[in-house]
Amino acid sequence: MDGQRRHVLGILDGLDAEALRRPVLPSGWCCLGLVQHLALDVERFWFRAVTVGDEEVIKALDEVDDAWQVGQDVPVADVLDRYRTETRLADAVIAATAADTPLAWWPQHLFGEPHLHTFRDVLLHVITETACHAGHLDAARELIDGRRWLVLT
(Lines give C-alpha, C1' and ligand atoms only; values in the text may rest on other atoms or scores of the structure.)
Protein backbone atom coordinates (compact mmCIF):
# COMPACT_ATOMS: atom_id res chain seq x y z
CA MET A 1 0.00 0.00 0.00
CA ASP A 2 2.66 2.47 1.03
CA GLY A 3 4.67 1.92 -2.14
CA GLN A 4 1.66 2.54 -4.36
CA ARG A 5 0.75 5.69 -2.44
CA ARG A 6 4.32 6.99 -2.73
CA HIS A 7 4.14 6.26 -6.46
CA VAL A 8 0.92 8.29 -6.80
CA LEU A 9 2.48 11.35 -5.20
CA GLY A 10 5.97 10.79 -6.58
CA ILE A 11 4.99 10.67 -10.24
CA LEU A 12 3.30 14.05 -9.81
CA ASP A 13 6.24 15.70 -8.06
CA GLY A 14 7.38 18.80 -9.90
CA LEU A 15 4.19 19.38 -11.89
CA ASP A 16 2.72 22.85 -11.53
CA ALA A 17 -0.97 23.58 -10.92
CA GLU A 18 -1.66 24.05 -14.63
CA ALA A 19 -0.18 20.65 -15.52
CA LEU A 20 -2.00 18.93 -12.66
CA ARG A 21 -5.31 20.35 -13.89
CA ARG A 22 -4.69 19.68 -17.60
CA PRO A 23 -6.99 17.04 -19.11
CA VAL A 24 -4.78 14.33 -20.54
CA LEU A 25 -7.26 11.94 -22.14
CA PRO A 26 -10.37 12.44 -24.29
CA SER A 27 -12.52 11.62 -21.24
CA GLY A 28 -11.25 14.84 -19.69
CA TRP A 29 -9.78 13.60 -16.42
CA CYS A 30 -6.73 15.31 -14.99
CA CYS A 31 -4.06 14.17 -12.55
CA LEU A 32 -5.47 16.28 -9.72
CA GLY A 33 -8.92 14.77 -10.23
CA LEU A 34 -7.48 11.29 -10.05
CA VAL A 35 -5.77 12.11 -6.72
CA GLN A 36 -9.02 13.50 -5.35
CA HIS A 37 -10.80 10.33 -6.51
CA LEU A 38 -8.22 8.24 -4.66
CA ALA A 39 -8.66 10.31 -1.51
CA LEU A 40 -12.45 10.34 -1.43
CA ASP A 41 -13.69 7.36 -3.45
CA VAL A 42 -10.95 4.95 -2.48
CA GLU A 43 -9.16 5.66 0.82
CA ARG A 44 -12.07 7.36 2.62
CA PHE A 45 -14.82 5.22 1.10
CA TRP A 46 -13.34 1.73 1.48
CA PHE A 47 -11.59 2.14 4.83
CA ARG A 48 -13.65 4.62 6.84
CA ALA A 49 -17.09 3.94 5.37
CA VAL A 50 -17.13 0.30 4.28
CA THR A 51 -14.62 -1.21 6.71
CA VAL A 52 -15.50 0.63 9.93
CA GLY A 53 -18.94 2.06 9.11
CA ASP A 54 -18.17 5.63 10.20
CA GLU A 55 -21.64 7.22 10.09
CA GLU A 56 -20.26 10.73 9.57
CA VAL A 57 -18.25 9.59 6.55
CA ILE A 58 -21.18 7.62 5.13
CA LYS A 59 -23.45 10.68 5.39
CA ALA A 60 -20.78 12.86 3.74
CA LEU A 61 -20.48 10.56 0.71
CA ASP A 62 -23.35 12.30 -1.05
CA GLU A 63 -21.73 15.73 -0.62
CA VAL A 64 -19.34 15.09 -3.50
CA ASP A 65 -21.10 14.63 -6.81
CA ASP A 66 -18.01 13.61 -8.78
CA ALA A 67 -14.67 13.32 -7.00
CA TRP A 68 -12.88 13.30 -10.36
CA GLN A 69 -13.82 16.96 -10.83
CA VAL A 70 -11.77 19.51 -8.90
CA GLY A 71 -13.10 23.05 -8.84
CA GLN A 72 -10.79 25.78 -10.09
CA ASP A 73 -11.14 27.47 -6.69
CA VAL A 74 -9.74 24.41 -4.89
CA PRO A 75 -6.01 24.81 -4.28
CA VAL A 76 -3.77 21.99 -5.50
CA ALA A 77 -2.19 21.75 -2.04
CA ASP A 78 -5.62 21.09 -0.51
CA VAL A 79 -6.22 18.09 -2.78
CA LEU A 80 -2.76 16.64 -2.14
CA ASP A 81 -3.08 17.25 1.61
CA ARG A 82 -6.52 15.59 1.60
CA TYR A 83 -4.99 12.51 -0.02
CA ARG A 84 -2.21 12.41 2.59
CA THR A 85 -4.76 12.86 5.40
CA GLU A 86 -7.03 10.12 4.08
CA THR A 87 -4.10 7.71 3.75
CA ARG A 88 -3.09 8.40 7.38
CA LEU A 89 -6.67 7.81 8.53
CA ALA A 90 -6.81 4.64 6.46
CA ASP A 91 -3.51 3.47 7.96
CA ALA A 92 -5.11 3.69 11.42
CA VAL A 93 -7.92 1.42 10.19
CA ILE A 94 -5.43 -0.97 8.60
CA ALA A 95 -3.40 -1.21 11.81
CA ALA A 96 -6.48 -1.85 13.96
CA THR A 97 -8.38 -4.31 11.75
CA ALA A 98 -7.85 -8.05 11.47
CA ALA A 99 -7.88 -9.42 7.92
CA ASP A 100 -10.94 -11.62 8.49
CA THR A 101 -13.05 -8.84 10.01
CA PRO A 102 -16.46 -8.60 8.32
CA LEU A 103 -17.32 -5.29 6.71
CA ALA A 104 -19.30 -2.83 8.83
CA TRP A 105 -21.27 -1.27 5.95
CA TRP A 106 -21.97 -2.19 2.35
CA PRO A 107 -23.18 0.31 -0.30
CA GLN A 108 -25.86 -1.95 -1.75
CA HIS A 109 -27.45 1.05 -3.50
CA LEU A 110 -24.24 1.38 -5.54
CA PHE A 111 -23.00 -2.18 -5.99
CA GLY A 112 -25.92 -4.51 -5.27
CA GLU A 113 -25.23 -7.59 -3.20
CA PRO A 114 -21.84 -7.63 -1.51
CA HIS A 115 -18.95 -8.93 -3.59
CA LEU A 116 -16.38 -8.09 -0.91
CA HIS A 117 -16.93 -9.62 2.50
CA THR A 118 -13.90 -9.11 4.74
CA PHE A 119 -11.30 -6.47 5.40
CA ARG A 120 -8.81 -8.61 3.46
CA ASP A 121 -11.05 -8.28 0.38
CA VAL A 122 -11.16 -4.49 0.78
CA LEU A 123 -7.41 -4.23 1.29
CA LEU A 124 -6.69 -6.25 -1.85
CA HIS A 125 -9.23 -4.20 -3.79
CA VAL A 126 -7.66 -0.89 -2.68
CA ILE A 127 -4.11 -2.05 -3.40
CA THR A 128 -5.20 -3.10 -6.90
CA GLU A 129 -7.13 0.10 -7.58
CA THR A 130 -4.32 2.33 -6.30
CA ALA A 131 -1.73 0.47 -8.38
CA CYS A 132 -3.93 0.75 -11.46
CA HIS A 133 -4.37 4.49 -10.97
CA ALA A 134 -0.64 4.92 -10.31
CA GLY A 135 -0.15 3.43 -13.77
CA HIS A 136 -2.66 5.89 -15.20
CA LEU A 137 -0.65 8.69 -13.63
CA ASP A 138 2.54 7.27 -15.16
CA ALA A 139 1.00 7.50 -18.62
CA ALA A 140 -0.41 10.96 -17.94
CA ARG A 141 2.95 12.26 -16.71
CA GLU A 142 4.71 10.93 -19.78
CA LEU A 143 2.12 12.66 -21.99
CA ILE A 144 2.53 15.92 -20.06
CA ASP A 145 6.31 16.28 -20.00
CA GLY A 146 7.95 12.97 -20.87
CA ARG A 147 8.96 12.06 -17.31
CA ARG A 148 8.76 8.39 -16.36
CA TRP A 149 8.63 7.04 -12.82
CA LEU A 150 10.72 3.90 -13.01
CA VAL A 151 12.76 2.83 -15.98
CA LEU A 152 14.81 -0.34 -15.75
CA THR A 153 17.74 -0.52 -18.13
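The values are calculated or read from the model by the stated rules, or taken from the named source; none is laboratory data. Note that the structure is a prediction, hence the values are computed from the model and not measured. Ideal geometry is used to build each Cβ from the backbone, glycine not excepted, and the neighbour counts take in all protein chains shown. Ligands, DNA and RNA are stripped out before the accessible areas are found, and what is left, the full protein with its side chains, is counted by its heavy atoms. Shrake-Rupley method; radii C 1.70, N 1.55, O 1.52, S 1.80 Å.
Within the stretch 1-86, the proportion of Cα pairs with more than 21 Å between them is 30 percent. The residues of the chain have, on average, 55 Å² of accessible surface per residue, using a 1.4 Å probe with all protein chains present.
Sorting the segments 39-48, 23-32, 133-142 by their residues' average number of neighbouring beta-carbon atoms within 10 angstrom, most packed first, yields 39-48, 133-142, 23-32.
Ligands, DNA and RNA left out, the accessible area of the chain computed with a 1.4 Å probe is 53% carbon and sulfur.
Tell me, what is the percent relative contact order of the stretch 13-74, built from C-alpha pairs under 8 Å that lie six or more residues apart? That works out to 32 percent. Give the shape of the chain as rounded, prolate or oblate, defined through the alpha-carbon gyration tensor: a ≥ b ≥ c are the square roots of its eigenvalues, a/c under 1.5 means rounded, and otherwise the shape is prolate if a/b is larger than b/c and oblate if not. Cα axes put the chain in the prolate bin.
Positive contributions from Lys and Arg (+1) and negative ones from Asp and Glu (-1), summed over other residues with Cβ under 10 Å from the Cβ of Phe47, come out at -2.
Only DSSP H runs of four or more residues enter the estimate; each adds -39500 (n - 2.57), and after division by the residues of the chain the mean residue ellipticity at 222 nm equals -16500 deg cm²/dmol.
Stretching the chain fully between Val74 and Leu61 yields a gain of 2.8 nm (0.36 nm per residue, less the alpha carbon separation). Using 0.36 nm per residue and subtracting the Cα-Cα separation, the extra length available between Glu142 and Trp105 on full extension is 9.5 nm.
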